[in-house]
1. Select from the range 15-45 the residues that are closer than 25 Å to His234 by Cβ and either among the polar types (S, T, N, Q) or in contact with an Asp or Glu (Cβ under 6 Å, 6 or more places away or on another chain) (or both) and write down the one among them that is most open to solvent (accessible area, probe 1.4 Å).
2. Kindly check whether there is at least one residue in the range 133-145 that is in contact (Cβ under 8 Å) with a residue 40 or more places away in the chain and over 24 Å from Gly79 (Cβ atoms).
3. Quick one: would you say Arg179 is more than 17 Å from the chain's Cα centre (by Cα), modelled with pLDDT under 95 and open to solvent by 20 Å² or more (accessible area, probe 1.4 Å)?
4. Regarding Ile14, is this residue modelled with pLDDT under 95, aliphatic (A, V, I, L, M) and in contact with a Leu (Cβ under 8 Å, 6 or more places away or on another chain)?
5. When the range 200-215 is examined, which residues are found to be in contact with a Ser or Thr (Cβ under 7 Å, 6 or more places away or on another chain) and in a helix (DSSP H, G or I)?
6. If I ask for residues that are polar (S, T, N, Q) and in a helix (DSSP H, G or I), which ones from the range 77-120 would you list?
7. Only one of Leu170, Leu191 is part of a helix (DSSP H, G or I) and under 17 Å from the mean Cα position of the chain (by Cα). Can you tell me which?
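The values are calculated or read from the model by the stated rules, or taken from the named source; none is laboratory data. The shown structure was predicted, so the numbers you read here are calculated from the model rather than taken from an experiment. Ideal geometry is used to build each Cβ from the backbone, glycine not excepted, and the neighbour counts take in all protein chains shown. Only protein heavy atoms, including side chains, enter the accessible area calculation; ligands, DNA and RNA are left aside. Shrake-Rupley method; radii C 1.70, N 1.55, O 1.52, S 1.80 Å.
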Amino acid sequence: MRPFVAPHSIVRAIWSDADTILFVFAGSAAEFALNRAVDWLFYTGQLPADPLGRLFSTARFAQDIVFVDEEVARRSLDGIQAAHEAVERSRGQTIPDWAHRDVLYMLIDYSERAYRLLHRPLTGPEKVDLYHVFRRVGEGLAIPELPATYDNWRADRRRHLERDLAYSALTAELYGRYRRHIGWWRYETLLRVQSILVPDHVRRLLGLEPCRWLRPSLAAYRAMARIGLRPLVHRLVMPPAILTHVRALDFAG
């Protein structure tokens, strides 16, 4: 059976690395909080109640798509779509198509941004590959009106950012939940990561000033990782209860 994602795809490199995945979700946490459809997160209660648990379950869903064959990936996508439909039936409303696109778009964008911040910029063909894979994910979820090309997607991404994001009371509440679950100093670290990771429009809405010392710190971290000190850094900065989950994000498939 053919794999859903080609063996040498950049998507496999991005979604097999725990650090990159954590940065993808650091950016997504910012945008989720600003999205005009954030009330859906509070309706289900899953993300506000357990942000870390939601992160790891979403990462597992993603890896269940990226590192399996076509048939298994299609079953995972069908399962996600069925879960969305169950929530819609429960609430008696339909999740807007634009909100589905927003979530897909942020995963594409933060995959690229996180990899650039932690490793290197993607090449032109890698950007096309990244978008092609996620477009197929979107098609598997029956998300309509997806742009045909990477360049068209970049333009649509900008439109979605300008139209679909706003700071609200739910933004403040969700950020309060983040702080309670990870503690104040890890929360401050999250804000600094977000300040250099998210698009300028997102950063301005959240009132974040770019943290100028973080990029040199990430360069130092990469050097430490190369000499085998990555687990030590993880033990220092991660809550002990989630270390096993973080290590499991490093996928050798």
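1. Ranking the qualifying residues of the range 15-45, first place goes to Ser16.
2. The answer is no; no qualifying residue exists.
3. Values: more than 17 Å from the chain's Cα centre (by Cα): yes; modelled with pLDDT under 95: yes; open to solvent by 20 Å² or more (accessible area, probe 1.4 Å): yes.
Yes; evaluated as a whole, the condition is true for this residue.
4. Numbers: modelled with pLDDT under 95: no; aliphatic (A, V, I, L, M): yes; in contact with a Leu (Cβ under 8 Å, 6 or more places away or on another chain): yes.
Taking the combined requirement at face value, the residue does not satisfy it.
5. Just the residues of the range 200-215 that are in contact with a Ser or Thr (Cβ under 7 Å, 6 or more places away or on another chain), to begin with: 203, 208-211.
The answer is Arg203, and nothing else.
6. Correct list: Gln81, Ser90, Ser111.
7. Working: Leu170 fails: under 17 Å from the mean Cα position of the chain (by Cα).
Exactly one residue qualifies, and that residue is Leu191.
Table: residues versus (1) in contact with a Cys (Cβ under 8 Å, 6 or more places away or on another chain); (2) open to solvent by 80 Å² or more (accessible area, probe 1.4 Å); (3) aromatic (Phe, Trp, Tyr); (4) at pLDDT 95 or above.
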| residue | (1), (2), (3), (4) |
| --- | --- |
| Tyr167 | no, yes, yes, yes |
| Trp184 | no, yes, yes, no |
| Pro199 | no, no, no, yes |
| Leu208 | no, no, no, yes |
| Leu218 | no, no, no, no |
| Leu232 | no, no, no, no |
| Pro239 | no, no, no, no |
